[in-house]
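Step one of this worksheet: look at the structure below.
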Amino acid sequence: VLDWAADKGILAKSDAKTQCLKSMSEAGELCDAIAVRDRVKTIDALGDVLVTLIILAELENLDLVWCLEEAYGVIQARTGRMENGIFVKDA
């Protein structure tokens, strides 16, 4: 992914803010695909979101797996409840 991003000039000509907005755009496409139950588009959109996040992490000099581990370290013991299909954390 990073080789592709470098070849396309994304790493040299983009920035974290722009890439973050691209990630949100791709996440919107993911939501649209899920809403209409289009599995092929869902798969494509999930991949696109991951690609944009990999590039965003690189632009921020962060390791995406490390970010995941850090986030999981915070949430693993979190308590809360399910409301309307969403986990709501305790205060």
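Residue check, residue 90 against (1) touching a helix residue (DSSP H, G or I) at 6+ places or on another chain (Cβ under 7 Å); (2) more than 28 Å from residue 13 (Cα to Cα); (3) open to solvent by less than 80 Å² (accessible area, probe 1.4 Å); (4) not hydroxyl-bearing (Ser, Thr, Tyr), all met but one. Which one?
All conditions are met except number (1).
Do any residues in the stretch 57-77 that are closer than 17 Å to residue 2 by Cβ have Cβ atoms under 9 Å from those of residues that are not in a helix (DSSP H, G or I), where the two are at least six apart or on different chains, and which pairs are they?
Close Cβ pairs satisfying both conditions: 57/63; 58/1; 59/14; 59/15.
The values are calculated or read from the model by the stated rules, or taken from the named source; none is laboratory data. Keep in mind it's a predicted model, so treat the numbers as computed, not measured. Glycine gets a Cβ as well: all are built from the backbone with ideal geometry, and neighbour counts include every protein chain shown. Ligands, DNA and RNA are excluded from the accessible area calculation, which covers all protein heavy atoms including side chains. Shrake-Rupley method; radii C 1.70, N 1.55, O 1.52, S 1.80 Å.
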